[in-house]
1. So which strands (runs of 3 or more DSSP E) stay within segment 239-294 end to end and still have 2 or more residues that are under 12 Å from residue 166 (Cβ atoms) and touching a helix residue (DSSP H, G or I) at 6+ places or on another chain (Cβ under 7 Å)?
2. Name the residue, out of 117, 147, 166, that is within 27 Å of residue 213 (Cα to Cα) and free of Cβ contacts under 8 Å to residues at least 12 places away in the same chain.
3. Test of understanding: among 180, 170, 103, which residue is surrounded by fewer than 19 Cβ atoms within 10 Å (Cβ to Cβ), over 19 Å from the mean Cα position of the chain (by Cα) and within 21 Å of residue 31 (Cβ to Cβ)?
4. Test of understanding: among 358, 377, 368, which residue is part of a loop (DSSP other than H, G, I, E, B) and acidic (Asp, Glu)?
5. Would you mention how many residues in segment 103-122 are over 15 Å from residue 37 (Cα atoms) and out of contact with any Gly (no Cβ under 8 Å at 6 or more places or on another chain)?
6. Output the residue which, of all residues in segment 331-355 that are more than 12 Å from the chain's Cα centre (by Cα), part of a loop (DSSP other than H, G, I, E, B) and not aliphatic (A, V, I, L, M), is surrounded by the most Cβ atoms within 10 Å (Cβ to Cβ).
7. Kindly indicate the residue of segment 198-238 that is among the polar types (S, T, N, Q) and touching a Phe, Trp or Tyr at 6+ places or on another chain (Cβ under 9 Å) and also nearest to residue 184 (Cα to Cα) among those meeting that condition.
8. Which one of 220, 205 is over 24 Å from residue 260 (Cα atoms) and in contact (Cβ under 8 Å) with a residue 24 or more places away in the chain?
Amino acid sequence: MKRKIKMGMVGGGTGAFIGEVHRMAARLDGYIDLVCGAFSSNPKKSKASGKALFLPADRVYKSYYEMFQQEALLPEGERMDFVSIVTPNHLHFEPAKLALQSGFHVVCDKPVTFNLEEAKELKKIINKEQRLFALTHNYTGYPMVKEAKAMVVADRLGKLRRCIVEYPQGWLSTRLEATGQKQADWRTDPKKSGKAGAIGDIGTHAENLLAYITGLEITHVCADLNTFVKGRKLDDDGAILLKLEDGAKAILLASQIAAGEENNLRIRIYGEKGGLDWSQQNPNTLYYRTLNKSMQVLRTGVGQQAKTTQAAIRIPAGHPEGFLEAFANIYKNFALTISQHLEGKKLKAINTDFPTIDDGIRGMRFIDRVVASAQSDQKWIKF
């Protein structure tokens, strides 16, 4: 890398939780500098947010339209190289589209767009403009998730049979959106979130984790979606049966009304020879079980691990690596890939290990088919 990669941001103004997460993750490895932003649809709030981030006043914009137009006029090496979009779901497509058409690479929060049609259109634009695109399904960034994927690829489990992925949260056990809580408000509003609530917000994370580790595509779904909190417009709970390629079966649970739960994402995968068990709340540990042998406890940074795992580790064994570091692995790989792109070098597979528009399209199709299945009297529908 000959220089730092320069980042702009759309959304993520003062008080926005996920915006600050993205900024912390982007700067963790020292490869990326935040140089500009349009942090709010309110110009005054955008300016105030930029000032709080110590950005030059002339690099804090009233709108993303203005930002893309003005940044494109600056010379390479001074203008932003990519933009990070950290707005609610209904405000992903337009800034991503315009950024790509203005010549900028894009990192976008998940789910990728408001609906499947927008996601498909975005892929056409990415291909036409020959830009790079990353989607922040950050749980794939954990070292032991990468180790789990490598073990599946190395046939340590044998042919896969049963997968169980669950994502229970409890924060929406009451009608929090009625209190004006911003994060709850837009996530439960179909005009901003789309056709799904919990399934779109955290169910897509579970689906992405399942696809990343197993490498298997979904072929059929059978879904039961629920809205337990009275007055809520979107689902807050769901249980889904999945048929996967090669005869494997999966169960996916996503719930935001699991009272007392924090962020308990967990995945278990079983094959003919063995099984894996990983939990986001204990991310440095991966349990490996085989027939007629004692369970093995694999720990981040201990023993010989896959190259992708090693590349995702920053600190010595025994020091917890968590949510921000997993997020940062997406930004680090994206920055290194942009650098290779700028220098005209062949992109390295170990650096292109981040979710892309294809993951986004699959996630939007997952939402579509799950909602369709839940509304249908038919037991199974094709994915």
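1. Where strands (runs of 3 or more DSSP E) fall fully within segment 239-294 and carry at least 2 residues being under 12 Å from residue 166 (Cβ atoms) and touching a helix residue (DSSP H, G or I) at 6+ places or on another chain (Cβ under 7 Å), they are 249-255.
2. Step by step, each of 117, 147, 166 is checked, and only 117 is within 27 Å of residue 213 (Cα to Cα) and free of Cβ contacts under 8 Å to residues at least 12 places away in the same chain.
3. 103 is the lone residue from the list that is surrounded by fewer than 19 Cβ atoms within 10 Å (Cβ to Cβ), over 19 Å from the mean Cα position of the chain (by Cα) and within 21 Å of residue 31 (Cβ to Cβ).
4. 377
5. Adding up the residues that qualify gives 7.
6. 353
7. For segment 198-238, the residue satisfying everything is 204.
8. 220
The values are calculated or read from the model by the stated rules, or taken from the named source; none is laboratory data. Remember, predicted model here, so these are calculated numbers, not experimental data. Cβ sites come from the backbone with ideal geometry, for glycine too, and all protein chains shown count toward neighbours.
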